[in-house]
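These notes concern the structure reproduced below.
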Amino acid sequence: MTQAEVRARTVTTIAGLRELLAERRRAGASVALVPTMGALHDGHLALVRRARELADVVVVSIFVNPLQFGPGEDLDRYPRTLDADVASLSGLGVEVVFAPTVAEMYPDGETGTRVTAGHVGSLYEGASRPGHFDGMLTVVSKLLNIATPDVALFGQKDAQQVFLVRRMVRELDVPAAIEVVPTVREADGLALSSRNRYLHDAERAAALTLSESLRAADAAASDGLAEVLAEGAAAFGDHDDVTLDYLVVVDPRTFLPVNDDARGDAVVLVAARVGATRLIDNATITLGPTGPTGRRGQPK
């Protein structure tokens, strides 16, 4: 059977997924897991295509995890489009869609055991969304234990999430490789996000401020941290519909803010509210007084 002929099977129980994957492993198959909350877009599909290159069996999980939503966040209105999501995966070689209910994942209600994200989890997105990363790491840990994949794939757009998942896997000796896929963008530079569908036309145009800010920060990278922050923040000055939450430059090894005199690779993180919708983005730059700036991950 060719990749295009493989039809995804939807599994809704933990026992059912484990049984199916055990059968495939007995036949010598390797397994890749792509964890998602659904409302799939081309960014998710890029993860799926890469997963297909890395493993024999691709599992896409679709689960809107209540543990990572705080009071007043968009849990109830977060898009749930399972039928469309499964259709979008057809022909991509996805063998299994794991779509459990909340009761299946948390049969006793909100679990009393959580994976904690520590100090880094309280910064940036964690400061704006207290408890978010504890909830994210807890469900990712559960998914890794349920599917026991050889490799799990995440998108670079959620850079803080990627850092925390990699650290968790390393520190807890989880036997899964973590593969990070570059951010997928629209032609005008807007990073793909399931929340983009909340934006009306004027807000969609205003949302470009995030990628404009990252381009401005990158252009100033050779002049050092102060210029990066100043130029990145200045991009928000002419947009009344966009409210900057944070703009910060972090060390990719620790995810802590860099020193004033930092040189070398760094990650610029930006978050802003566009109308009622909160968006994030990031780019890798090279801080330093000489030489070309880095271009990995920069919006085009």
Q: At 1.4 Å probe size, with every protein chain present, just tell me what the per residue accessible area of the chain comes to in Å².
A: 46 Å²
Q) So, in nm, how far is label Thr148 from label Asn259 when the simple model puts each one 7 Å beyond its Cα toward the Cβ? A) 4.6 nm
Q: State the dimensionless ratio Rg/Rh of the chain (Rg: radius of gyration of Cα atoms; Rh: Kirkwood radius).
A: 0.97
Q. Label 7 Å along Cα→Cβ of Thr81; segment 179-195 residues with amide nitrogen under 14 Å?
A. 192-195
Q.
Leaving out ligands, DNA and RNA, and with a 1.4 Å probe, what % of the accessible surface on the chain is carbon or sulfur?
A. 50 percent
Q.
If I model a spin label as a point 7 Å beyond the Cα along the Cα-Cβ vector, how far apart are those points for Glu186 and Ala233 in nm?
A. 2.8 nm
Q: Sort segment 93-170 into rounded, prolate or oblate with this rule: let a ≥ b ≥ c be the square roots of the eigenvalues of the Cα gyration tensor; rounded if a/c is under 1.5, and if a/c is not under 1.5, prolate when a/b is larger than b/c, oblate otherwise.
A: oblate
**Q.** Per-pair calculated FRET efficiency, R0 = 41 Å: Glu171 and Ala29 via Cβ, rounded to 0.05
**A.** 0.90
Q) Which whole-Hz ³J(HN,Hα) couplings does segment 8-15 yield from phi under the Karplus relation 6.51 cos²θ - 1.76 cosθ + 1.60, θ = phi - 60°, glycine and proline marked x? A) 5, 9, 8, 10, 10, 10, 5, 4
Q | Ellipticity estimate at 222 nm from DSSP helix runs (n ≥ 4, -39,500 (n - 2.57)) divided over the chain, nearest 500 | A | -9500 deg cm²/dmol
Q. Per the Cauchy relation, a quarter of the hull surface: what is the mean projected area of the convex hull of the alpha carbons in segment 61-133, in nm²?
A. 6.5 nm²
Q: Return the sequence-ordered ³J(HN,Hα) values of segment 102-116 in whole Hz as given by the Karplus equation 6.51 cos²θ - 1.76 cosθ + 1.60 applied to θ = phi - 60°, using x for Gly and Pro.
A: 4, 5, 5, 7, 10, x, 9, x, 4, 5, x, 9, 10, 8, 9
Q. What spacing in nm lies between the two simple spin-label points modelled at Thr13 and Arg114, each 7 Å away from Cα in the Cβ direction?
A. 3.0 nm
Q. Where both residues lie in the chain, what percent of DSSP beta bridges are antiparallel, nearest 5?
A. 50 percent
**Q.** Rounded if a/c under 1.5, otherwise prolate or oblate - segment 104-230, Cα gyration tensor axes
**A.** prolate
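The values are calculated or read from the model by the stated rules, or taken from the named source; none is laboratory data. Nothing here was measured: the structure is a model prediction, and the numbers come from that model. Glycine gets a Cβ as well: all are built from the backbone with ideal geometry, and neighbour counts include every protein chain shown. SASA here: full protein model, heavy atoms, side chains in, ligands and nucleic acids out. Shrake-Rupley method; radii C 1.70, N 1.55, O 1.52, S 1.80 Å.
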